[in-house]
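Engineer: Following this message is one structure expressed as structure tokens.
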Amino acid sequence: MRTMTKDQDPRRQVRADTDHLAALDVDGKTLNVRVLDVTMTGARVQLSAKISGDGVLTFKSVRMGSRPARLVWREGDMVGLRFIDSEAMVAERRGLPSARHWLSCLLGKTLP
């Protein structure tokens, strides 16, 4: 896991700013989180409690379903999650057009 500074942004996928509640299953506990932005391959979420960076987490959202993820960065009460399911892997291989279509469907609007 790395610490990310504000001027670093390694994401290559189209991201959509959002503000909705979701949950993370971590070490047998369920934590409520606020989703701040999302891509096909991950999400930036705000936590109400500290979590461990080891192992697979389960991200659960009414909008996105249940997806396995790993913690890839932490900054204060925000963390970056990388989805590790086949949907994320396919999006990463296909690149931008696939991600743009998926996020358009999620948000219900056309992205630039």
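Throughout, read-outs are computed from the coordinates displayed, never taken from laboratory work. Keep in mind that this is a model prediction, so the values were computed, not measured. In this analysis, Cβ positions are derived from the backbone assuming ideal geometry, glycine residues included, and neighbour counts consider all displayed protein chains.
Engineer: For THR58 and SER86, compute 0.36 nm times the residue count separating them, minus their Cα-Cα distance, and round to one decimal in nm.
Structural biologist: 8.7 nm
Engineer: So what are the ³J(HN,Hα) numbers for region 77-83, from phi and the Karplus equation (6.51, -1.76, 1.60; θ = phi - 60°), rounded to whole Hz, Gly and Pro as x?
Structural biologist: For region 77-83, the Karplus-derived couplings read 8, 10, 9, x, 10, 10, 5 Hz, x marking Gly and Pro.
Engineer: Could you check the spin-label model distance between LEU21 and SER48? Points 7 Å from the Cα along Cα→Cβ, value in nm.
Structural biologist: 0.7
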